[in-house]
């Protein structure tokens, strides 16, 4: 049976489900809508556009006999919370469905538009954790209407989701800036498919391949694109990898950010929003230090802005599902039969889904003020081992029986808990739900300009200082002297005899 002959069951006979059904019927390529499934007694037993409404959802397990090779179920209930999605998912699995899709970007659906092209396979993110906050994108992105928006790291997990949501903002032009050709072409093609299917508003989408470490190129790009708004997502971010490539981490994250800030300041960019991380708080890794320095740079440059410019950063914790995060790693380990590797039974992190984090970032970009620093409310922390068990169960296995959990210990740069803020930063609520404002704290243990000057000849070849170029030992010594938390963490791990590597005893120095 080919795709056009497959049967589709739409869960939810409300406006979103009906829009999806009309979309499928009009295009005649996605299959046949066989039925709606719903809990509303007022519509069960009726027909909508000739399509029967069956229900209640939980009672249909014995009545439906889907072909697992081709039949699909699509959950189209924008108002459903995580708990309800979990219940529906369990009911569909009992019915025999193996292909289950869900409508993401709930805020876009609430704005009155839903398209089958937006549906994706359901994954653990949809049934784990708390129910994400709903932010109507059209309203929150009104400040971008008619603007030229540039996203750095547009091919990454955060950057690409920002790009998808920005389709609803009415921007005149959307620049996708990135270093990786494959990732940029992927999101570029995806946005064109979404636009062709009627998702979002019309905007010119322009891919730009480049390296933000190239100061003159960055200056050229910002001047020629006339970007009004920059969302700076690009960064090297894998902690153990950046410990092995410490110079690259500082070169890319710190000096790349500085290049963007210099150009944004010079060419009058109206809004500059840095995406930051909890690892910038009392950092214990080179990556964490690099992001802390990025935060300080944004605060410093905000003092130089003109009247119509606003430079700010938004900090948040882990996002579920990003490339290299624990979710895809766990899923791959489960696929291979295990074990699922967890650092420590007591390790915990704050988590948020990528769409929710991006919606809040976009909202903050509009309401944020120059020189202010913002923190997303991440809720309560989750133990990594509990997350691992839930993902194993989602995959249809029993933890510790079918799939083993193995504890592997901390690697350099990792700690059991990641604080989201310093006590002195004193986060306070704003009038916007889930957005907190921080008190800016100037560096206490170093002078920012002097530290940048010390690091520059290590990252950039400088005549007369040739011996410093790419000297990772010197770089780490400078950082340890400047950042006491990094130095103390290194001392403690050295006492424990921890290997300075990622997974083996091989050392790489670049």
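The values are calculated or read from the model by the stated rules, or taken from the named source; none is laboratory data. Keep in mind the model is a prediction, meaning the values are calculated, not measured. Cβ coordinates were reconstructed from backbone atoms using ideal geometry, including for glycine residues, and neighbour counts include every protein chain displayed.
Numerical summary
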| read-out | value |
| --- | --- |
| Test: residue in region 72-79 that is touching a strand residue (DSSP E or B) at 6+ places or on another chain (Cβ under 7 Å), part of a loop (DSSP other than H, G, I, E, B) and within 19 Å of residue 23 (Cβ to Cβ) | yes |
| Qualifying residues in region 394-425 (those that are more than 26 Å from residue 242 (Cα to Cα) and at pLDDT below 90) - the one surrounded by the fewest Cβ atoms within 10 Å (Cβ to Cβ) | 396 |
| Matching residues, region 62-81, being surrounded by fewer than 15 Cβ atoms within 10 Å (Cβ to Cβ) and either in contact with a helix residue (DSSP H, G or I) (Cβ under 9 Å, 6 or more places away or on another chain) or closer than 28 Å to residue 131 by Cβ (or both) | 62, 63, 65, 79, 81 |
| Residues of region 189-222 classified as free of Cβ contacts under 8 Å to residues at least 40 places away in the same chain, surrounded by fewer than 19 Cβ atoms within 10 Å (Cβ to Cβ) and in a helix (DSSP H, G or I), total | 8 |
| Flag for residue 149 being in contact (Cβ under 8 Å) with a residue 60 or more places away in the chain, surrounded by fewer than 21 Cβ atoms within 10 Å (Cβ to Cβ) and not in a helix (DSSP H, G or I) | no |
